[in-house]
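Read-outs throughout are calculated quantities, based only on the coordinates presented, and are distinct from any laboratory measurement. Since we're looking at a predicted model, the values are computed, not measured. Neighbour counts are summed over all protein chains in view; Cβ atoms, including those assigned to glycine, are modelled from backbone coordinates with ideal geometry.
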Amino acid sequence: MELLSTINLLAILLLPFLVPKIWKALWILVLRPWMLSRRFKKQGISGPKYRFLYGNLPEMKKMKKESVLSVLDPNSNDIFPRVVPHYHQWISQYGETFLYWNGTKPTICISDPELAKQILSSKVGFSAIPKTRPEVFILFGRGLSFIEGDDWVRHRRILKPVFSMDRLKLMTKLMVKCTLRMLEEWRKQSTGEDVMEMEIRKEFYRLTGDVIATTAFGSSYAEGVELFRSQAELEHFYVTSLTKVYIPGSKYLPTPTNLQLWKLDNKVKKSIKIIIDARLNSKSKNYGDDLLGIMLKAATSADSEKKMSMNEIIEECKTFYFSGQGTTSILLTWTTMLLSLHQDWQEKLREEVFKECGKDKVPDSDTFSKLKLMNMVLLESLRLYGPVIKMFREATQDMKVGHLEIPKGTSVYVPFLKMHTDKAIWGEDAKQFNPLRFENGVSQAANHPNALLAFSIGPRACIAQNFAMMEAKTVLTMILQRFRFSLSSEYKHAPVDHFNLYPQYGLPVMLQPLDT
């Protein structure tokens, strides 16, 4: 009897604490999804039905699992259905603007270019990333891509001079040196062979790692190899987490996945710290004018608006190592694939390179401004196979965008990959490789001036886009001077979404030295 009375007393005492928790769980898991679904339905927006706790994650996981088993015709650029099959199906069922559920998180897909421009260009009302996935910060770092408000303004102000055209011209020389090292290795491997097969995606991944390490951090790929390996493993963990339900607070639990994430994160930070310490312990107290040097100078600045903490520097290093390596290597990979398929364009580019740069002259930044056809090819590659295939934003308050009313806490998904091959925007040849569409510039290539979103737009557009384009032009120019390339018979056309757009089975190509 006394035990029963004690239990009743405890229940009464705990009730004030339990009721709010139960109500909050009921709101998140049941009431809010129901109310938001009704609210969007009144605006004519529907989508796949919300499922308790999991939302539409099981459907997404199932469709992606089935999709990766398929292989496309190499000549087909209609890759959206394979890469993101769930979005393709939902657009077919519910229209181009629809609502789906990432667990309990409401997400609205918007593929209208004018609405996308308003969302991505907005300085207030939308945060850079939905706050439901803390794993993203472990992988990318809390750097310029994801910080908000005054911190973002401060970081942007500090880092912007690193990517000025004057500094890019100096970086070009380092890009050339890194590329020459790679090409010399290729030349050694081709000794005695007219044609050799090479997995070029891996080559580009290593090269762009070397370039970002050399130009931005004064080190080399060899010195940063442990960092790159750890970040590659972190990327794998992040991709697999996207189809799992995120439980608030679970990031603090010592689960096997979290333990591995923490271990890899510590390895990445340790590798970066070694590079930073080497610079700090160098005889020169100037620190240098590259990205790391600029940030280290900011660490000692007396101006609070130009000051960075050591932890902020480490986080920015994580961001630039990952983004600087991954994005450009993928751009080079898909451009090589397209030029392998379209030999006529490969020859046009080679003729342009020979005309402006000769057969053996080392290119410089002035050369690239003359390579009009190459610029068009790279833009077309970004359109059809852009490394970044989507962008997320989150409404930090109730927002009105065009005719849409977007409630606070709703994620907005902008599907670049779909928009970049939309016939209503790009014309009947939207899914065909046609670099000449950019003959009169990006703004004239489609029926909307902001139709190409490869580097995003607005205040949060990629700060390093000129760096990426300069690097891609450097590498392509030097390859075209020395090699002719075509697809290997082993190539399987299977683009896949691993955060960025990767070839699932790599890109094996046949390389033929031009002097054989």
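Where only DSSP H runs of four or more residues are counted, the chain gives -17000 deg cm²/dmol as its mean residue ellipticity at 222 nm, each run worth -39500 (n - 2.57).
Based only on other Cβ atoms within 10 Å, what is the fewest-to-most ordering of 86, 155?
In increasing order of surrounding Cβ atoms, one gets 86, 155.
Near residue 371, once Lys and Arg are set to +1 and Asp and Glu to -1 for all other residues with Cβ below 10 Å from its Cβ, the sum equals +2. Distance between the 7 Å Cα→Cβ label points at residue 151 and residue 355: 5.0 nm.
Once the chain from residue 405 to residue 92 is taken as fully extended at 0.36 nm per residue, the excess over their C-alpha distance is 110.4 nm. Over all alpha-carbon pairs in region 245-399, figure out the percentage whose distance exceeds 21 Å. So the portion of pairs separated by more than 21 Å is 69 percent.
Extending 7 Å from the Cα toward the beta-carbon at both residue 199 and residue 173 defines two label points whose distance is 3.6 nm.
Just want the ordering: 152, 27, from fewest to most Cβ atoms lying within 10 Å of their own Cβ. Could the numbers behind the result be given before it?
Numbers: 152 17, 27 13.
Ranking 152, 27 by Cβ neighbours within 10 Å, fewest first, gives 27, 152.
Diffusion of region 419-516 by Stokes-Einstein, at 37 °C in a medium of 0.692 mPa s and with Rh set to the Kirkwood radius over alpha-carbon pairs, works out to 199 µm²/s.
In cubic angstrom, how much convex hull volume per residue do the alpha carbon atoms of region 46-118 span?
96
Report the calculated FRET efficiency for residue 38 and residue 274 (r = Cβ-Cβ distance, R0 = 60 Å), to the nearest 0.05. Plugging the Cβ-Cβ distance into 1/(1 + (r/R0)^6) gives 0.65. Among 124, 509, a tally of other beta-carbon atoms within 10 Å of each Cβ gives an order, fewest to most, of 124, 509. Where in region 446-473 is the amide nitrogen less than 16 Å from a point lying 7 Å along the Cα-to-Cβ axis of residue 122? Backbone N within reach: 457-461.
Distance between the C-alpha centres of region 449-494 and region 48-116: 26 Å, rounded to the whole angstrom. Stretched out straight at 0.36 nm per residue, the stretch from residue 263 to residue 289 would grow longer than its current Cα-Cα span by 6.2 nm. Under a model in which nothing but the beta-carbon of Lys, Arg (+1) and Asp, Glu (-1) is charged, region 44-513 shows a dipole of about 1120 debye around its Cα centre. Sorted largest first, the spans of the alpha carbon positions of region 44-513 along the three principal axes are 63, 57, 42 Å.
Comparing 314, 349, 449 along the charge dipole axis of the chain, the residue lying farthest to the positive side is 314, per the Cβ-charge model. As a rough guide to protection, the peptides 228-236, 398-406, 374-382 ranked by mean Cβ packing within 10 Å, highest first, stand as 374-382, 228-236, 398-406.
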